[in-house]
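Report on one structure; see the data block that follows.
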Amino acid sequence: MRKKITLVIADDHLIARKGLVQVLEAMEQYTIAGEAENGIELLNLCREKNPDVVITDIRMPGMNGFEAIKQIRLLPQPPAILALSVLEEMEIYELLAAGANAYLDKNARHHEFRETIAAILESKQYYYNFRDAYLKELLASHAYPNLPPATEKFTSRELELMKGLSEGKSISALSKELFITPSTVKYHRNKLYEKTGAKNFIGLLLYIAKNMVSGRYG
């Protein structure tokens, strides 16, 4: 029997939280390890239950979702983190910087939960379609720290990889599409870290998205 994916759900609104729990419990692949109504409870549950995935609201009393995500990222074995909220423009960047793997609007459909959870469990990395015009506009209109201009010369393989990552493709999907092994995909990704100065996968995706908008790839 396949091991179920353990989830911890955090939302200070009881009805919203219970509604989400009911939806996810109806999907056979998930089991709910715990519920929290603020960031402190969420952090304690992560330490106690060691879940596979955290699904958290951002606007909560006491320790909010942003701070909770930062603290969860410091755990020895941090879970994948899916933020579920309705955010303003700059809050999207703050969410990524805090360490969330993915973001869904609270009006997301059931299949979007399944697809997003599967994606972040596969790669443990931020999963978003950077072709989205809204995020392109956001990244083009703000200056982000620690994102150098695109002055490096990238290989054709690296450009292919950046294009695939910008489309939200996973490592396994890129491996099949480019006819290379997953370890080779990771090798090129690590080279991109060096060339772009990105500290992590989120930083790399932000770099790609920003330079997709301006058309500058060195």
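Data overview
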| quantity | calculated |
| --- | --- |
| Any hit, the range 42-49, residues being polar (S, T, N, Q) and modelled with pLDDT under 90 | no |
| Residue 84 vs. criteria assigned to a helix (DSSP H, G or I) and buried (at least 18 other Cβ atoms within 10 Å of the Cβ) | no |
| Check on residue 15, without any contact (Cβ under 8 Å) to a residue 12 or more places away in the chain and surrounded by fewer than 20 Cβ atoms within 10 Å (Cβ to Cβ) | yes |
| Checking residue 152 against (1) assigned to a loop (DSSP other than H, G, I, E, B); (2) at pLDDT below 70; (3) crowded, with 16+ Cβ neighbours inside 10 Å, the condition it does not meet | (3) |
| Matching residues in the range 41-78 - criterion: being of a type in the set (Gly, Ala, Ser) and farther than 17 Å from residue 96 by Cα | 62 |
| Filter result for residue 47 (of a type in the set (D, E, K, R) and either part of a helix (DSSP H, G or I) or in the same structural domain as residue 169 (by TED's automatic domain parsing) (or both)) | yes |
| Any hit, the range 52-63, residues being of a type in the set (Asp, Glu), in a loop (DSSP other than H, G, I, E, B), modelled with pLDDT of 70 or more and surrounded by 21 or more Cβ atoms within 10 Å (Cβ to Cβ) | yes |
| Filtered residues of the range 18-39 (kept if surrounded by fewer than 17 Cβ atoms within 10 Å (Cβ to Cβ), β-branched (Val, Ile, Thr) and part of a helix (DSSP H, G or I)) | 23 |
| Number of the condition not met by residue 7 [criteria: (1) at pLDDT 90 or above; (2) in a helix (DSSP H, G or I)] | (2) |
| Per-region count, the range 175-201, residues in contact (Cβ under 8 Å) with a residue 40 or more places away in the chain and either within 20 Å of the chain's Cα centre (by Cα) or part of a loop (DSSP other than H, G, I, E, B) (or both) | 5 |
| The range 79-104: number of residues that are modelled with pLDDT of 80 or more and over 13 Å from the mean Cα position of the chain (by Cα) | 1 |
| So residue 172, is it within 17 Å of the chain's Cα centre (by Cα), more than 23 Å from residue 69 (Cα to Cα) and at pLDDT 55 or above | yes |
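The values are calculated or read from the model by the stated rules, or taken from the named source; none is laboratory data. On a predicted model such as this, the values are computed, not experimentally measured, just so you know. FYI the Cβ positions are ideal-geometry reconstructions off the backbone, even for glycines, and counts take in every protein chain you see.
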